[in-house]
Amino acid sequence: MSRRLLSLLILLPALAWRPVAAAETLKTLTPTQKQALDIRTGQAQRAEHVPLDGLPARVSVPLTGSAVVTAPYEGVVVELLAREGQTVKQGQPLARIRSREAMTLGADLAAAQGEFRVASAQAARDRQLLAEGIIPAARAQADEARSAAAAARLRELQAARAMAPAGAAPGTYELHAPIAGRVLERALQLGEPVAMFAKAYVLAAGSQVMLEMQVPARDAGTLRAGLPVRVAGGGEGQVSEIGGAVDPSSQTVRVRADVDGGHLLVGQQVRASLLLPAPAGAVRVPSEAVVEREGQTRVYVARGGGFVAVPVQRLAQTTTGESVITGPIAAGSELVVRGAARLDAMPAGGQ
């Protein structure tokens, strides 16, 4: 016997006892059984996103299209002309404040205007006299310097008046809206003192707000700016910022999104959904179509007049009753979308 034939004879028993993969088990049902078990079928839909539902989020002031109005001088609030939630026009008066600086600002501005007129006129005369050789250059230079100082003082007071326009009553100044938009916050109280540069109002153009979400760190690798965001109860937007660090206690990453949500209030705690990009081949099915038992996840696909269990991986389950899955199932495949758990409990081959 040749050595080659001997090797083949030794290998044959091992090939004969090699286990063969089990064939797919087909479960068939009669029309009566389908009706009794309330079995319904439908088609798997292509998934474009993997939704992360129920993310804790807080509404805050948007970074763009917003403005903070501060009080340029300390004083006492004597009139409040705008309320929270109110829509205002650019330049519209928001409040009036009585202030010691406002009492003296008008007089200081008038005096500065007079000083500037006198100094500029004197400098002009000196330039003429200098050209005629009547006065020395040092005198003309000194008057030019006084004219420049008077002009700088006048500009300073004019800027102060622009920040604090005079109110209707003497000794008061007004706060005006720097942009057109909605009043998100009013920090002033009628009759209460206000400190210099204290926050008075917060305005936002349109209905934009910023949403701060806490996203699990395991999903950080799929985050990017521009991902869609939805807020429970209404409101949609896009991711604008992604944190660069993980919170050690919660193991989450802070993600900010610009959201159009006119019904949302600054400081409100809400639940949000972040729509991550779905991997290739992912499909959407009703959550009732997915069966989890003994550590395995599967769906039942219609095949050969019956139904076959196909193993899948569930990527997400939404609060609206949908699941995103991956596995050997394509978009358009017909599968059990109702009664899958009852079908799974049946013995192989049907009854």
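The values are calculated or read from the model by the stated rules, or taken from the named source; none is laboratory data. Quantities reported herein were computed from a predicted structural model and do not represent experimental measurements. Here the Cβ is made from the backbone with ideal geometry for all residues, glycine too, and neighbour counts use every protein chain on show. Note: accessible area is taken over every heavy atom of the protein model, side chains too, but ligands, DNA and RNA are not part of it. Shrake-Rupley method; radii C 1.70, N 1.55, O 1.52, S 1.80 Å.
Here are the numbers for the structure shown:
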{"quantity": "Sparse-neighbourhood loop sites, GluC sites (Glu not before Pro) in the stretch 20-89 - DSSP loop, at most 16 other Cβ within 10 angstrom", "calculated": "24, 48, 74, 84"}
{"quantity": "Rounded FRET efficiency, nearest 0.05, which uses the C-beta distance separating residue 249 from residue 195 and R0 of 35 Å", "calculated": "0.50"}
{"quantity": "Segments 321-327, 177-183, 266-272 sorted - mean Cβ within 10 Å per residue, highest first", "calculated": "321-327, 177-183, 266-272"}
{"quantity": "Shape category assigned to the stretch 241-288 from the gyration tensor of Cα positions, a/c cut at 1.5", "calculated": "oblate"}
{"quantity": "Distant-in-sequence amide H partners of residue 74 (H built 1.01 Å from N, under 5 Å)", "calculated": "196"}
{"quantity": "Backbone N under 17 Å from the residue 217 label point (7 Å along Cα→Cβ), restricted to the stretch 249-287", "calculated": "249-255"}
{"quantity": "Lys/Arg +1, Asp/Glu -1 at C-beta; the chain dipole; positive extreme among 278, 172, 94", "calculated": "278"}
{"quantity": "Accessible area in square angstrom per residue, the chain, 1.4 angstrom probe", "calculated": "56"}
{"quantity": "Estimated distance in nm for a label pair at residue 90 and residue 131, the labels positioned 7 Å out from Cα along Cα-to-Cβ", "calculated": "4.2"}
{"quantity": "Which label in (1) 89, 55, 46; (2) 135, 61, 36; (3) 57, 44, 41 gives the computed Cα extents along the principal axes in Å", "calculated": "(2)"}
{"quantity": "Solvent-accessible area, 1.4 Å probe, carbon plus sulfur percent, for the chain", "calculated": "54"}
{"quantity": "Mean-position separation - Cα centroids, the stretch 149-181 and the stretch 250-299, in angstrom", "calculated": "50"}
{"quantity": "Charge dipole (debye, nearest 20) of the stretch 220-323; +1 at Cβ of Lys and Arg, -1 at Cβ of Asp and Glu", "calculated": "260"}
